[in-house]
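Heads up: the structure comes next, in structure tokens.
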Amino acid sequence: MAGGKTVLAGGNTKSWKLLLGLRIFAFMATLAAAIVMALNKETKTLVVATIGTVPIKATLTAKFQHTPAFVFFVIANVMASFHNLLMIALQIFSPKLEHKGLHVLSIAILDMLNATLVSAAANAAVFVAELGKNGNKHAKWNKVCDRFATYCDHGAGALIAAFAGVILMILVSGVSISRLLFNSNKFSTTKAPATATDVP
């Protein structure tokens with residue numbers, strides 16, 4: 001206690017509030033990305049062939065489960081959302097546990113891993129989305145966004161939310177590392193007086 005106010009280990013009150021705010025926004029971004037992509041689905045009846053003058057129609061459905069990269073995208077964002085939600089709860093309801101040196105190190109590592117995971121998933125999804133929008137003439141892959149415009153628009157929204165989450169997670173990692181360094185410096189300074197008595 002200092003001046004009737006608890007001094008948060010691993011940083012002052014300002015850094016604690018900053019980290020909490022960044023985590024909340026990162027949680028919202030990754031959760032929104034996961035939900036939008038998971039619910040992304042569009043069904044259309046298209047002409048797939050013509051026999052004489054008779055068009056042959058088929059009902060086709062585009063959904064995220066058809067693309068492994070989009071499945072990975074949803075899983076990665078759900079995992080990052082769960083991580084941030086757990087860290088938010090830990091920061092609010094168990095501050096003493098959250099501020100211990102070992103836990104600060106573990107949290108900093110987990111933050112970096114989750115930022116990397118979401119970044120990898122978002123970039124993989126962007127690659128597939130680019131194929132869906134423009135196709136690939138060399139591989140003779142046709143674009144699909146001209147037929148499933150709503151599906152592609154929703155996917156683009158999910159990607160924007162995911163990249164916002166990546167940026168926020170990078171900022172969270174930066175704050176976590178700074179808190180870890182603060183703890184290390186604080187630990188070093190607390191040990192200094194004990195060794196100062198040995199100096200004549």
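Among the residues of segment 106-132, not one is open to solvent by less than 30 Å² (accessible area, probe 1.4 Å) and either touching a strand residue (DSSP E or B) at 6+ places or on another chain (Cβ under 8 Å) or outside any helix (DSSP H, G or I) (or both). Among residues of segment 139-162 being assigned to a loop (DSSP other than H, G, I, E, B) and open to solvent by 70 Å² or more (accessible area, probe 1.4 Å), the one that is nearest to residue 73 (Cα to Cα) is 143. Is it the case that segment 48-64 has a residue that's within 30 Å of residue 172 (Cβ to Cβ) and either at pLDDT 75 or above or open to solvent by less than 80 Å² (accessible area, probe 1.4 Å) (or both)? Yes, some residue in segment 48-64 is within 30 Å of residue 172 (Cβ to Cβ) and either at pLDDT 75 or above or open to solvent by less than 80 Å² (accessible area, probe 1.4 Å) (or both). Just one of (1) open to solvent by less than 20 Å² (accessible area, probe 1.4 Å); (2) in a helix (DSSP H, G or I); (3) within 28 Å of residue 126 (Cα to Cα) fails for residue 19. It is (3). Pairing residues of segment 164-176 that are modelled with pLDDT under 90 with residues that are not hydrophobic (A, V, I, L, M, F, W, C), at Cβ distances under 6 Å and at least 6 apart in sequence or on separate chains, gives 173/111; 176/111.
The values are calculated or read from the model by the stated rules, or taken from the named source; none is laboratory data. Quick caveat, the model's predicted, so the values are computed rather than measured. When we count neighbours, we look across all protein chains shown, and the Cβ atoms used for this are built from the backbone with ideal geometry, even at glycine. All accessible areas refer to the heavy atoms of the entire protein, side chains included, with ligands and DNA or RNA removed. Shrake-Rupley method; radii C 1.70, N 1.55, O 1.52, S 1.80 Å.
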